[in-house]
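Everything below concerns the one structure shown next.
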Amino acid sequence: MIHITKYLYGKKRMSFANIFFAVFFLFAASFTFAQDADSSSVAEDWFIGRKIKDIIFEGLKHIKASELDGVTDSYVGKTLTYDLFYELNGKIYALDYFEPDIKPTAVPVANDVIIRFIVKERPTISKIDFVGNSGLRRNELLNVISIKPNEIANQVKIRLDEQELIKKYLEKGYPDISVTSTTRTDKNGSVNLTFTVSEGVKITIDAIYFEGNSVFSQKTLANQLSLKTKVLFKSAAFQEAKLIADRESIIKFYHDRGYIDAEITDIIRDITHDAAGNHLALTFRLSEGERYTFGGIIFDGNHIFNEKEMQALVQSKKNEIINQSRLDQDFMRIMNKYTQNGYIFNTIDPEEHRDNVNRTVSYTVNIVERGRAHLENIIVTGNKKTKDYVILRELPLETGDIFSNTKITSGYSNLYNMQFFSSVLMDPRQGSAEGLMDLIINVEEQPTTDLQAGLTFSGSTDPDAFPISLLFKWTDRNFFGRGNVAGAEINASPDVQSLSLQYTQKWMFGLPLSGGFDLTLSHSKRLAAMDNARPWFDGTEAYAFPDGFSTFKEYNDAGKLPPDDYLMTYTQWALSLGFSTGYRFWTVLGNLSVGGSIRTGIKYNDFENALYRPFDNALRNRNGEWTPANSLAFSVSLDKRDVYYDPTKGYYASERFGIYGILPKNIEIEHYNRSDTKLEVFFRLWRWQAFEKWAFQGVLGLHTGLSLIMRQPGYEEPIIEEANKLSIDGMFVGRGWSDERLNRGFSLWENWLELRIPIIERIISLDGFFDAAVRRPATADMFRSESVEGTEFIDDMRFSFGFGVRFALPQFPFRFLFAKRFRHYPDDAPRPGWQWMPGQIGGKTDKPSRGLDFVISFAISTY
């Protein structure tokens with residue numbers, strides 16, 4: 001029982017009575033196992049050495065069996081030993097969910113064993129009361145505690161809630177707070193839980209003073225503090241933890257401005273009392289010292305990297321005012337230079353040399369170089385669904401490799417980008433011998449299976465489609481824990497119905513080689529411009545215009561949007577099967593990915609030939625016939641974003657080239673090539689740690705994308721259906737400009753700038769944006785000021801800006817935005833120059849500066 005006693009004393013502080021009960025029930029457990037064996041006329045230790053097939057519980061009422069899986073799952077499949085059995089029993093007892101008389105039994109199943117625990121749950125909480133709280137309301141306190149009515153009266157959770165209540169009171173300015181708890185059993189066996197609060201007296205800050213400051217003003221120094229004085233509608237509660245942090249902030253402020261000897265010699269607290277409570281005046285007593293300049297750094301003991309390489313790491317400038325934070329970063333870069341190359345056991349010791357006459361400080365960095373560290377073991381913990389190899393293959397290093405912080409950081413980003421885990425922790429530890437390191441990877445899994453059913457916003461960029469659809473969608477981004485993607489989707493609206501299946505294998509043959517397929521069947525009802533009345537056009541003329549207009553200029557001035565009375569209806573069936581593959585390379589510049597895809601399918605357009613002549617020449621051909629639709633695509637991308645679906649730094653660049661139409665013209669209708677080029681860059685502008693678990697930060701993102709549709713060799717021009725041309729859709733491109741979606745062309749340049757302020761990191765963010773996009777009728781128009789239609793480049797540009805909410809969750813990747821639009825009109829327009837556009841919400845035609853457009857789109861990121 002020594003082993004059991006050690007377990008009970010480790011990690012948990014338990015009373016003597018608890019230890020007695022634990023030891024008692026473990027002895028009873030062993031006896032129960034023996035009795036079960038005897039009753040079956042089997043040897044006393046028949047269960048030892050058998051494989052554990054399952055672990056089950058009898059007597060559960062309020063606790064779900066799934067809540068216990070985190071304890072039991074790791075034991076299923078293991079060979080049962082006494083040590084393993086004692087360890088499992090101890091963990092179950094330590095949960096504090098059950099009364100001490102837990103009865104484990106062993107049940108034989110073929111050559112395996114099922115461990116069954118007969119338990120009696122501890123009483124549940126029927127009521128929670130607070131006594132002694134006058135400064136904080138009951139609802140405020142209920143929001144703080146984690147334990148709720150109808151839950152098990154878990155003493156560990158109750159003790160943690162006591163600490164959370166104390167923390168809450170400290171934040172509100174009650175430094176003498178104390179909280180205790182008691183439980184009382186009702187007649188029905190449930191428990192009343194009472195938290196007794198002794199608040200003490202609240203302290204608020206009335207004044208903050210500084211003494212000894214001659215260089216910086218009182219206002220400048222007060223701005224460095226998180227503690228503030230009492231003002232109207234703000235209580236300015238005193239918190240000891242903030243005072244400690246503010247002391248360091250003032251010292252850092254001086255040290256970063258050359259006053260490296262500055263210190264706070266004392267903080268005087270002057271407390272006064274009245275009926276409203278205690279009032280505090282704080283006085284910071286300063287010793288500023290003299291101001292110093294930086295005299296430079298020399299290196300001693302460096303043989304692996306030469307002097308020039310080391311000096312390149314130093315960003316502090318000689319003879320400038322010394323900045324302690326910048327100097328600390330210099331020393332960190334020197335350390336990282338070694339650790340990133342595997343020299344993690346080196347000693348780096350900066351030696352200060354001070355010249356008090358000239359007031360300069362220089363340093364000698366003494367370096368003791370040792371051999372490189374190698375990885376001895378990589379250990380994965382916390383994963384229940386995801387297989388170990390799925391995690392290990394995302395690391396750009398393996399056992400035996402040189403230990404590299406850079407590669408570990410890259411692996412950390414790769415694991416987060418999988419979106420399988422809510423938390424990833426990398427813990428390097430000393431290995432079994434000098435020069436060896438172990439890497440412990442602890443992950444916390446999150447749901448990867450998404451099931452959606454009901455009415456939804458369709459997300460279609462097709463202006464002809466009904467915006468609401470009936471949706472059933474199932475996707476598993478970690479299929480059977482093997483890191484692959486499987487999904488099925490049914491979409492149905494009055495205009496579009498589709499069924500699609502997909503599967504992607506992320507790794508093949510032990511390599512970062514992906515392969516996948518998707519199958520889609522769709523039926524849609526569409527609208528198209530007509531050319532029934534003379535003059536008739538082939539559709540390729542630059543001056544062509546459809547019914548409803550008498551000149552091309554009239555057509556162009558209307559944004560190429562025919563009146564509804566001049567639109568024809570047709571239906572389209574489409575069946576397509578696509579195969580894709582790709583390979584990833586880890587490089588110092590980021591993850592380099594190359595890929596390709598092939599898609600084959602058939603398409604059927606149907607309209608009344610006797611009634612309609614489509615303006616779109618591609619649509620006119622092969623009406624009422626099944627025609628092939630094939631394409632090839634090639635892509636390359638470079639990704640160095642930290643977290644691709646919600647980045648705070650890094651960049652992403654990609655190029656995709658597609659060939660649409662492979663068979664001859666008399667077999668396949670469409671024949672064109674398309675190029676899509678994208679570049680995104682992200683910067684973290686600021687990060688302020690407002691609370692222990694929340695930081696106020698801002699991220700700037702910039703994006704530019706150029707799309708071109710080009711003719712294939714052997715064809716005079718691209719042959720393409722109107723619906724497949726490029727446009728400013730108002731949802732993803734030129735947000736707010738939804739009325740431009742029918743104004744299509746062969747070239748598109750779109751840009752955005754976003755300021756992102758995460759509210760809950762990687763979940764929800766407040767975003768501000770500025771969009772600028774231009775659609776031009778011909779490919780070459782993108783590179784000249786005047787288009788073939790005679791419009792100037794600036795007049796074709798569409799601008800918008802606004803704000804909204806973005807969700808980064810894979811299960812809910814939506815943006816809800818408000819946009820304000822503006823554009824430039826040519827000199828011959830009724831209103832030339834820069835003009836605001838009236839918005840859908842609150843907008844008026846006679847006052848276009850008013851009103852906003854509401855935009856719903858998807859927060860789609862490329863990986």
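The values are calculated or read from the model by the stated rules, or taken from the named source; none is laboratory data. From a predicted model like this one, the values you see are computed outputs, not experimental measurements. Glycine gets a Cβ as well: all are built from the backbone with ideal geometry, and neighbour counts include every protein chain shown. Remember, those area values only see protein heavy atoms, side chains included, never the ligands or the DNA or RNA. Shrake-Rupley method; radii C 1.70, N 1.55, O 1.52, S 1.80 Å.
What FRET efficiency comes out for the pair Glu121/Lys385, r = Cβ-Cβ distance, R0 = 25 Å, nearest 0.05? Once the sixth-power term is evaluated, E becomes 0.35.
Quick one: divide the alpha-carbon radius of gyration of the stretch 168-210 by 2.2 N^0.38 Å and tell me what you get.
Details: Rg = 17.1 Å, N = 43, 2.2 N^0.38 = 9.2 Å.
Ratio of Rg to 2.2 N^0.38 Å for the stretch 168-210: 1.86.
Computed from Cα positions, the angle between helix 155-171 and the longest principal axis of the chain comes to roughly 80 degrees.
Using C-alpha positions alone, give me the convex hull volume of the stretch 739-863 per residue in cubic angstrom. Each step should come with its number before you reach the end.
Values: hull volume 16.6 nm³, N = 125.
Convex hull volume per residue, Cα atoms: 133 Å³.
Between Leu679 and Asp69, 0.36 nm times their residue separation minus their Cα-Cα distance comes to what?
Stretched out fully, the Leu679 to Asp69 stretch lengthens by 215.1 nm.
Rg and Dmax of the stretch 51-161, based on Cα coordinates, read 17.9, 64 Å. Between Ala544 and Thr587, the C-beta separation translates, for a Förster distance of 60 Å, into a calculated FRET efficiency of about 0.80.
Averaging over all projection directions, find the projected area of the Cα convex hull of the chain and quote it in nm² with one decimal place. Display every interim value, and only then the final one.
Details: hull surface 204.9 nm².
Hull-based average projected area comes out at 51.2 nm².
Between Arg257 and Thr409, what is the FRET efficiency for a Förster distance of 41 Å, r being their Cβ-Cβ separation, to the nearest 0.05? Write down the numbers at each step before the final one.
Values: r = 32 Å, r/R0 = 0.78.
My answer for the efficiency is 0.80.
For the stretch 520-669, the percent of C-alpha pairs falling in each 5 Å distance bin, counted from 0 to the bin holding the largest distance, reads 2, 8, 13, 13, 12, 12, 11, 10, 9, 7, 3, 1, 0. You can think of it this way: the chain between Asn724 and Arg711 has 3.3 nm of extra reach, that is 0.36 nm per residue less the Cα-Cα gap.
Placing a label point 7 Å from the Cα of Ala241 along the Cα-to-Cβ direction, the residues of the stretch 167-191 whose backbone N falls under 20 Å from that point are 167-180. Since only Thr779, Ile764, Phe854 are under comparison, the one whose Cα sits farthest along the positive direction of the charge dipole of the stretch 733-858, derived from C-beta charges on Lys, Arg, Asp and Glu, is Ile764. For the pair Gln689 and Ile490, the difference between a 0.36 nm per residue extended length and the Cα-Cα distance amounts to 67.2 nm.
The C-alpha atoms of the chain define a longest principal axis, and helix 405-417 lies at about 70 degrees to it.
For the chain, the longest principal axis of the Cα atoms and the long axis of helix 240-255 meet at an angle of about 70 degrees.
Based on protein heavy atoms only, the chain ends up with 51 Å² per residue of surface accessible to a 1.4 Å probe. Straight-distance candidates among the lysines for linking to Lys678, with alpha-carbon spacing under 19 Å and chain neighbours fewer than 8 residues away dropped: Lys640, Lys649, Lys725. Length, then width, then depth: along the principal axes, the Cα atoms of the stretch 200-351 run 70, 34, 25 Å. Counting only protein heavy atoms and using a 1.4 Å probe, what share of the accessible area of the chain belongs to carbon plus sulfur, as a whole percent? Ligands and nucleic acids excluded, carbon and sulfur give 56 percent. Cα convex hull, the stretch 479-564: 192 Å³ per residue, rounded to a whole number. Sorted largest first, the principal axis extents computed over the alpha-carbon atoms of the stretch 111-178 equal 63, 22, 16 Å. Taken along the Cα-to-beta-carbon direction at a fixed 7 Å, the label points for Val636 and Val788 span 3.0 nm. Spin-label pair Thr283-Glu608: with each label point 7 Å from Cα along the Cα-Cβ axis, the two points sit 9.5 nm from one another. Averaging the sequence gap over all C-alpha pairs within less than 8 Å and six or more residues apart, then dividing by the number of residues, gives the chain a relative contact order of 4 percent.
Our helix-only sum for the chain, with -39,500 (n - 2.57) per DSSP H run of n ≥ 4 divided by its residues, gives a mean residue ellipticity at 222 nm of -5000 deg cm²/dmol. Ranking Ser576, Asn484, Phe696 by how far each Cα lies toward the positive end of the dipole of the chain (charges on Cβ) leaves Phe696 at the top. Remark: for residue pairs Lys252/Lys318; Lys148/Lys242; Lys242/Lys317, the C-alpha separation exceeds 26 Å in Lys148/Lys242; Lys242/Lys317. A simple spin-label model places pseudo-atoms 7 Å from Cα toward Cβ; at Gln430 and Val805 they are separated by 5.1 nm.
Within the stretch 607-667, the ratio Rg/Rh, alpha carbon atoms throughout and Rh by Kirkwood, equals 1.29. Given +1 at the Cβ of Lys and Arg, -1 at the Cβ of Asp and Glu and no other charges, the dipole of the chain around its Cα centre is 1160 debye to the nearest 20. Look at the dipole of the stretch 106-169 built from charges on Cβ: of Val113, Leu142, Gly132, the Cα furthest out on the positive end belongs to Gly132.
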